[in-house]
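Sharing a structure below in structure tokens format, with a few things to ask.
The values are calculated or read from the model by the stated rules, or taken from the named source; none is laboratory data. No experiment lies behind these values; they were computed from the predicted model shown. Here the Cβ is made from the backbone with ideal geometry for all residues, glycine too, and neighbour counts use every protein chain on show. Areas reflect the complete protein model, heavy atoms only, side chains present, ligands, DNA and RNA absent. Shrake-Rupley method; radii C 1.70, N 1.55, O 1.52, S 1.80 Å.
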Amino acid sequence: MDLILRSLDLFILLALLGVGYAFGRIAESRHYRSIIEREKQFADILLFAAKRPPPEITDVDTVLVSGSAVISSDYFKWFVAGLRKLFGGRVRVYETLLDRARREAVLRLKQQTRALGGNAIFNIKFESFNVTMGARGGIAAIEILAYGTAVLPRRTA
Amino acid sequence: MKLENPPQPEQYDPAAEQPVRELAILLGGVLAITLVVAFALAWFAGMLAPRLPFAVERDFMAGRMAVDPRFAAQSAGLQKLADRLGSALGLPPDMALTLHYSDNKAVNAYATLGGHIVVFRGLIERVNSENALAAVIAHEIAHIRHRHPAASAGRGLAVGLVVTALSTATGSTVAERIMGTTSMGVLMNYSREQETAADDDALRAVAKVYGHLGGAADLFETLKKSRPDAEAGFEIFRTHPFSERRIEHVREFAAQHGIPAEGPLTPLALALPKPAEKN
């Protein structure tokens, strides 16, 4: 106990790293499970980077759809990334974070499309925003916004 | 035209990631770089600073530290003891000592640039003999003889400036903190080395003046009891070695040099001023 009190800084750091690692890892694997599951559910909604539907698809309505997700880093990821930027190389801890944010945004896009009765999205685009919480060098959160043109069956007038 | 989205392979396998290993490697890299830089600077500055003539230190401190006239008697008493110990240690004649009594409850004493030694009331109240007080003063004189204050100031300045500039330039808060703590650890390491060297000299001086080492081990016992906070945690983050080890060292030193570890103690003849009224 005494050892902990006297070297408080070190133990706080270790505790934060431990909490960040444990909770970050649990959140990440839970999120991935959920993403993979929902991607199967929404597999029938198709995504295309092409600007317009092929000309043979006629008699449709188009509507702008968008989905966004904000995912926060954890203390552990932030710490590792902070060291990584000295040496360069792949920031692996952030690669999964961005992958999750992108896929979550697309899932929300698909969800919106399905709610509108559509089954395809064209001209899909992504935007990303860095939401830095707190002061300089604070723990980062990332927002990914996905948007595109959903193709819906034409509503009979 | 066929429109479809074939399933894509997973790019990331969270189970295969080894973030802790990555952390260990990166941390090891930063630590290694900081240790090399800090040790090199500390060694260089610590070697260079004591090569300045002692007069530079003395002139730098002139006018910055004067003996408090209210405690002239106590300071003179300490001065007498220090001068005896100084000649026992073979202090060069140009290294004049100036002893200061400080009416402060801290159980401590320190030596600083220019041959100034400050002894606090709290320490004098707790030592039981002149021998124990002599061990403290001899320890501080040894610091001065080895030019430890100059070396420490040089090291602190060099390591502080360079590591701060370097760590800030990384632009990484994480790296900044790690580099700061590591370089502090390096300075503390040198500090503990100085303390051990000073302890050796102090024991030699006490043995020469009193013929035995009685009182020296008592002193570390007293320090241990009165400053429990300096004895806990990890030694690498402390400026001084733990008292337990210093007591052990007194015994070893006595055995090694064939000096009696105990002997008759000389009572302390130093009248302290009346405690100041508390505000």
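Taking the stretch B:67-82, which residues are more than 23 Å from the chain's Cα centre (by Cα) and of a type in the set (A, V, I, L, M, F, W, C)?
B:VAL67, B:PHE71, B:ALA72, B:ALA73, B:ALA76
(1) over 25 Å from B:VAL206 (Cα atoms); (2) in contact with a Gly (Cβ under 8 Å, 6 or more places away or on another chain); (3) aliphatic (A, V, I, L, M): which one isn't true of B:VAL159, the others all being true?
(2)
Return yes or no: is B:HIS100 of a type outside the set (Ser, Thr, Tyr), open to solvent by 10 Å² or more (accessible area, probe 1.4 Å), on the phi < 0 side of the Ramachandran plot and in contact with a strand residue (DSSP E or B) (Cβ under 6 Å, 6 or more places away or on another chain)? Walk me through how you get there before you give the answer.
Details: of a type outside the set (Ser, Thr, Tyr): yes; open to solvent by 10 Å² or more (accessible area, probe 1.4 Å): yes; on the phi < 0 side of the Ramachandran plot: yes; in contact with a strand residue (DSSP E or B) (Cβ under 6 Å, 6 or more places away or on another chain): yes.
Taking the combined requirement at face value, the residue satisfies it.
Let me ask another. What's the number of the condition B:THR239 fails, among (1) of a type in the set (Val, Ile, Thr); (2) part of a loop (DSSP other than H, G, I, E, B); (3) over 17 Å from B:VAL127 (Cα atoms); (4) more than 15 Å from the chain's Cα centre (by Cα)?
All conditions are met except number (4).
Could I ask something else about it? Could you please find all residues in the stretch B:1-32 being touching a residue at least 12 places away in the same chain (Cβ under 8 Å) and open to solvent by 40 Å² or more (accessible area, probe 1.4 Å)? Spell out the reasoning first.
Going through the stretch B:1-32, the residues touching a residue at least 12 places away in the same chain (Cβ under 8 Å) turn out to be B:27, B:30-31.
Once the filter is applied, which keeps residues that are touching a residue at least 12 places away in the same chain (Cβ under 8 Å) and open to solvent by 40 Å² or more (accessible area, probe 1.4 Å), the stretch B:1-32 yields B:LEU27, B:LEU31.
Write out, first by first residue and then by second, each pair whose Cβ atoms fall under 8 Å of each other, whose residues are 6+ apart or on separate chains, and whose first residue, in the stretch B:146-160, is open to solvent by less than 30 Å² (accessible area, probe 1.4 Å) while the second is not in a helix (DSSP H, G or I).
B:HIS148/B:ALA111; B:PRO149/B:ALA111; B:PRO149/B:THR112; B:ALA150/B:LEU52
Now for a separate question. Here is a list: B:THR182, B:THR168, B:THR112. Which entry is within 14 Å of chain A (Cβ to nearest Cβ) and in contact (Cβ under 8 Å) with a residue 40 or more places away in the chain? If you could, list the steps in order and put the result at the bottom.
Working: B:THR168 fails: in contact (Cβ under 8 Å) with a residue 40 or more places away in the chain; B:THR112 fails: within 14 Å of chain A (Cβ to nearest Cβ).
After ruling out the rest, the residue left standing is B:THR182.
Is there a residue being surrounded by 15 or more Cβ atoms within 10 Å (Cβ to Cβ), of a type in the set (Gly, Ala, Ser) and out of contact with any Lys or Arg (no Cβ under 9 Å at 6 or more places or on another chain) anywhere in the stretch A:104-118?
yes
Let me ask something else about it. Could you go through the stretch B:45-58 and let me know if any residue there is more than 23 Å from B:VAL174 (Cβ to Cβ), small (Gly, Ala, Ser) and either within 14 Å of chain A (Cβ to nearest Cβ) or without any contact (Cβ under 8 Å) to a residue 12 or more places away in the chain (or both). Full working, then the answer.
If we filter the stretch B:45-58 for residues that are more than 23 Å from B:VAL174 (Cβ to Cβ), which is where we start, we get B:45-58.
Now drop any that are not small (Gly, Ala, Ser), which leaves B:45-46, B:49, B:55.
Narrowing further to those that are either within 14 Å of chain A (Cβ to nearest Cβ) or without any contact (Cβ under 8 Å) to a residue 12 or more places away in the chain (or both): none.
The answer is no, given that none of the residues of the stretch B:45-58 is more than 23 Å from B:VAL174 (Cβ to Cβ), small (Gly, Ala, Ser) and either within 14 Å of chain A (Cβ to nearest Cβ) or without any contact (Cβ under 8 Å) to a residue 12 or more places away in the chain (or both).
Just wondering, is there one or more residues in the stretch B:41-49 that are assigned to a loop (DSSP other than H, G, I, E, B) and surrounded by fewer than 20 Cβ atoms within 10 Å (Cβ to Cβ)?
If we filter the stretch B:41-49 for residues that are assigned to a loop (DSSP other than H, G, I, E, B), which is where we start, we get none.
The answer is no, given that none of the residues of the stretch B:41-49 is assigned to a loop (DSSP other than H, G, I, E, B) and surrounded by fewer than 20 Cβ atoms within 10 Å (Cβ to Cβ).
Starting from the stretch A:7-19, keep only residues that are more than 9 Å from chain B (Cβ to nearest Cβ), then list their pairs with residues that are surrounded by 12 or more Cβ atoms within 10 Å (Cβ to Cβ) whose Cβ atoms are within a distance under 7 Å, requiring at least 6 positions of separation or different chains.
Matching pairs, first to second residue: A:PHE11/A:ILE4; A:LEU16/A:TYR75; A:VAL19/A:TYR75.
Another one. Pairs please, first residue from the stretch B:256-269 and more than 16 Å from B:LEU203 (Cα to Cα), second anywhere and open to solvent by 50 Å² or more (accessible area, probe 1.4 Å), Cβ atoms under 9 Å, 6+ apart in sequence or on different chains.
B:PRO267/B:ASN128; B:LEU268/B:ASN128
Which members of the stretch B:16-34 meet the condition of being at the interface with another protein chain (Cβ under 8 Å from one of its Cβ atoms) and not in a loop (DSSP other than H, G, I, E, B)? Give the steps one after another, and end with the answer.
If we filter the stretch B:16-34 for residues that are at the interface with another protein chain (Cβ under 8 Å from one of its Cβ atoms), which is where we start, we get B:17, B:19-20, B:22-23, B:26-27, B:29-30.
Correct list: B:PRO19, B:VAL20, B:GLU22, B:LEU23, B:LEU26, B:LEU27, B:GLY29, B:VAL30.
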